[in-house]
Each structure stands twice: as structure tokens, then as C-alpha cells.
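I have placed the structure first, in the form of C-alpha cells, so that the comments after it can refer back to it.
The values are calculated or read from the model by the stated rules, or taken from the named source; none is laboratory data. Everything numeric here is computed off the predicted structure, so don't read it as measured data. Cβ sites come from the backbone with ideal geometry, for glycine too, and all protein chains shown count toward neighbours. Ligands, DNA and RNA are stripped out before the accessible areas are found, and what is left, the full protein with its side chains, is counted by its heavy atoms. Shrake-Rupley method; radii C 1.70, N 1.55, O 1.52, S 1.80 Å.
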Amino acid sequence: MHTKTLYELSKLLHEGDISSVELTQHYIDRIKTHNNQLNAYITVCEDNALKQARDADQKIQQKTAGKLTGIPIAHKDIFCTKGIRTSCASKMLDNFISPYNATVVEKVNTAGMVTLGKTNMDEFAMGSSNETSFYGPVKNPWDNTRVPGGSSGGSAAAVTANLAPVATGTDTGGSIRQPASLCNLTGLKPTYGRISRYGMIAFASSLDQAGPLARSAEDAALLLNEMAGFDSLDSTSVERDVPDYTTTLQDSIEGLKIGLPKEYFSEGLDPQVAATIEAAIKTYESLGATIKDITLPNTGLAVPTYYVVAPAECSSNLSRMDGVRFGHRCDDPKDLLDLYQRSRGEGFGEEVKRRIMTGTYALSSGYYDAYYLKAQQCRRLISNDFQQAFNDIDVIMGPTTPTTAFKLGDKTDDPISMYLADIYTISTNLAGLPGLSIPAGFVKGLPVGLQIIGNYFDEARLLNVAHSYQQATDWHKQSPPSFE
Ligand code: GLN
């Protein structure tokens, strides 16, 4: 049951072969058996899930159900969930019960989906390995000694190990695509503004975007249908119709023009990962696509630019965690300053503090022009590179990550090497473009992800291009044997 696609589950539910309560209980039981090993969930919402499942069963019986009604989902613990702890994997919010739902949660609830629980992540989504979580690291279901990627590592591990059929994630610099790549999933970061950020705890507001983590492009399309759309509560969400992303999945990709940026195949890329990606590109050629070598000359600026912009924005966003209104408060503060200092000192982990300090520095008067303003200018150059490229091609392809999943602890003492894990994903966030990662093969038993980047609001095309590959290959159908 837990290896079925969303369409298959939907059919079983609608034809009365299974109830949502049975399906939900099945997943809850699997979580109880396997979560200890993986640490994918921070909170499991058994009672609430079964209640939602009963409501879904009623809607199915009354024939008022939609496609995803009754299907369980896991939410990254960055999405506010009413009445349920929303921790962002931080000690700071360990005691925070959200009084409202994020728009994404509200939308999938309205679609009748059942929240199984809240998944582990890097603290405040800062990280690439899920090791900065206050609740401890998540293990990669393919190899328990390795990272699942981050920051949406709990969502990725949950779907990979079949502890949820599908999950939400967020991507500020790669946090949907990188764990999708390291865990063998299809993960989509949509265009900035496609999905509401309301109630998604902000890390870097100009980069953050929610998206689906799923086992196939088809599943991702079904979930994106429910997540996307304008929201008057988020002034950066875009007023633009949401197409039905499933209707174009089958379109032919004959004549598709694929650009391969030389910067994504250079030094630092593992040769076996490179070979796997090249094989995937050959498959696209056999499906009728044409290949063009391109250049994105400012790619080298992406990581340094990101590590000015993201910390600067996070230092401002996280200033609301002051021990006064919500979150952790220190014991017996002497005065207001002591309250701020100790509450924040105790509540935040090391990586979050590092970002707040660099960000505050970059924004301080006298340094603003040298850092933040400069970074914004670099950001424009990076966006221009993409627009230049899209004059001649339809999509860009390359590896999602330079290597397969690395060992737990391997990069924790070296922030710079951790930052470089996102070297191929960060540029799209800086440009606001959509990007997707799909399973493309294995190196020594570990998954490799192919990244596909599109122009603004080209999610339907990305999913179509991914689906075509998934009709021709079965990498995406492989799951780790111990979780089948
Ligand atoms: N790994 C990047 C960071 O640490 C991106 C994280 C993300 O996309 N949320 O900031």
C-alpha cells in the first residue's frame, strides 16, 4: 500500500477499496516502527490525523471529495499548523503551538489531505545536511551513516522510506532539490511567488519558496495543483492562474532545447556523478531533445552572493524571536537586555547564530553598500545570465549536487564545504526561477539527481520534461530495500 502513487491511492479511496482511516493508520504504524531509525518526524499527529481521515471518508462517501482527499501528507516543521507544535527544529520554538495555519497547510487541508506529522529539518532551514536540527540529525534511508540532505531532510527521508506518500518542503538555496537528489525523489522549487509564503516561517524572504517532495513528477504535479496560487495574505505571491499541472505531463518533448552550462560540469563535480548525468542527457536526446552547450558566466558569484543575502535577511527575520512574544524565554531575566541576550543565546543553535552575526554585520551602516548592495548587484548579473540563456533554449540541465550523500559529521566542522553542497541550486533562488530534481541513477548504491531549471512560471514544462524521463526510466521507482 505504501509504495503506491497518489493516483493509485486516490483510486483505491474513491472506489471504496480502502478508507482514509485505514490508510492513515497504516502510515502511522509505519512511522512508529521506523521513525526511531531515521528521525524524520519531529511531531506525529496521530489523533488529529485520524480525525481528518474520518472527515475525508465522509466526503468520499458523499461524493464531495477531490483527487487528494483522504491522502496523507507530511509537512516540514517550518509550516505553521494550527494547534500543533511548529518548531522549525529550533529550541527557540520547541514550545510554540501555532495559533493559525500556513496558507499551504490550509490549502491542502481544504483539499482533504491528512496531516501525518511535522518533519525534521535544519534549524530555521539553515543547512544542507539536516544536522543543525535541535532534535538531532535525520539519517538517509539509503544508508543510515549518511545525511539525507537539507534543509528539508525529514520530509525527504519520510517519503523515501515510505513513511508518507508525499511531503511539503521549502527551498531557499536548494533545500527541496538537494535532499530530493540525495534521497532519490522528485523535488520541485517553483518560481518565487507561485506559492504563498504566509505562515511559512521566514528564513530569507526574497529567496524562500515552498514546493512538493514526491516520488514522481506526476505526484509532484498533483500536489503542486493544491499548493500553488495567489494569496492576498502574502504580498509577494503572484496573481496568475494556476494551470492543472497534470494535463501537460504527457506532452511530447520532441524538439525540446536543453542547455548544458559548462560551469555546472567543472571542477568539484564527482566524475561518477558527471557520468550519470551525461547518461541521463543521452536519454533525453533519444526522446527527441536537442542539446546545446551554454554558459552562465556569473555562476561563481552565486555562493558568495547567497551568503550575504540570506544571512542579512535572516538576521532581520529572526529578530522577532526575542523571548518576549513567543518562543524560548530564559529564566529570571535581570532586565530587558539580559532577557534578549540569554533567550536568544540559549534558544538558537550555532549555525543560526553564525548567520545572524554575518547578516547583522553585512547590514550595518557603513558596510551596507560594500556587502548587501553589492550582493544585490551580483544577483542581477546572475538573473541576466539565465535570461540570456533562455533566449536560445527551453530548459537547463545539470547535476543537482556535486556528490552523492556524504557521511554524517563529514562537513559539520567546515561551514564553507557545507555551503558548497548547494553550488548548483543557489543561483535559481537568487534569480527566482523554478528548478526541479529527479532521480537519474545511482553511484555506489547512492542516488544521483538531475536538475532541470526552467524560465519563470514554467513549472508545467519542468514537470512534463521530468515525466517524459520517468516514462522511459525507472530510477524513480527504486526504494531502499529496508523500507519497501
Ligand atoms: N543549504 C542552504 C543554506 O544553508 C540552503 C538552505 C535552504 O534552501 N533552506 O542556507
Identify the trypsin sites (Lys or Arg not before Pro) of the stretch 369-452 meeting these criteria: DSSP loop state and at most 13 other C-beta atoms within 10 Å of the C-beta. K444
Could you provide, to the nearest whole Å², the per residue accessible area of the stretch 116-196 with probe 1.4 Å? 10
For P271, what is the net charge nearby, where nearby means another residue's Cβ is under 15 Å from its Cβ and Lys, Arg count +1, Asp, Glu -1? -2
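Among 309-318, 146-155, 348-357, how do they line up by average Cβ neighbours within 10 Å per residue, starting with the highest? Could you put the intermediate results ahead of the total?
Values: 309-318: 22.9, 146-155: 34.0, 348-357: 18.8.
Sorting 309-318, 146-155, 348-357 by mean packing, highest first, produces 146-155, 309-318, 348-357.
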Around D332, what is the net charge, scoring Lys/Arg as +1 and Asp/Glu as -1 over all other residues with Cβ under 15 Å from its Cβ? -1
Using a 1.4 Å probe and counting only protein heavy atoms, arrange L256, L408 so the residue with the most accessible area comes first. L408, L256
With a sphere of radius 11 Å drawn around the Cβ of A158, what net charge do the other residues whose Cβ falls strictly inside it have (Lys, Arg +1; Asp, Glu -1)? +3
Relative contact order for the chain using alpha-carbon pairs under 8 Å, separation at least 6, rounded to a whole percent? 18
So what is the relative contact order of the stretch 1-131, in percent, for Cα pairs below 8 Å that sit 6 or more residues apart? 29
Would you please give the residues with an amide H less than 5 Å from that of T119, counting only those at least 5 places away or on a separate chain, with H modeled from the backbone geometry? I42, H75, K76, D77
Potential extension, Y361-I281 segment - 0.36 nm per residue separation minus Cα distance: 24.5 nm
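If you rank T168, T3, T403 by how much accessible surface each has, with a 1.4 Å probe, what is the order from largest down? Walk me through the intermediate numbers first.
Values: T168 0, T3 75, T403 55 Å².
Largest accessible area first, the residues go T3, T403, T168.
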Asserting the computed 222 nm helical MRE of the chain (DSSP H runs at least 4 long, -39500 (n - 2.57) per run, divided by residue count, to nearest 500) equals -11500 deg cm²/dmol
Under a 1.4 Å probe, counting only protein heavy atoms, H2 has an accessible area in Å², nearest 10, of 30
Relative contact order of the stretch 143-222 (C-alpha contacts under 8 Å, at least 6 apart) in percent is 33
For the residue pair R354 and Q250, what label-to-label distance in nm results when each label sits 7 Å from Cα along the Cα-to-beta-carbon direction? 5.0
Less than 11 Å from a label point 7 Å out along the Cα-to-Cβ axis of T295: which backbone N atoms in the stretch 258-280 qualify, by residue? 262-263
Ordering W142, W475 by how much accessible area each has at a 1.4 Å probe, largest first, what is the list? W475, W142
Under a plain spin-label model, where a point goes 7 Å from the Cα along Cα-to-Cβ, how far apart in nm are N95 and S316? 3.0
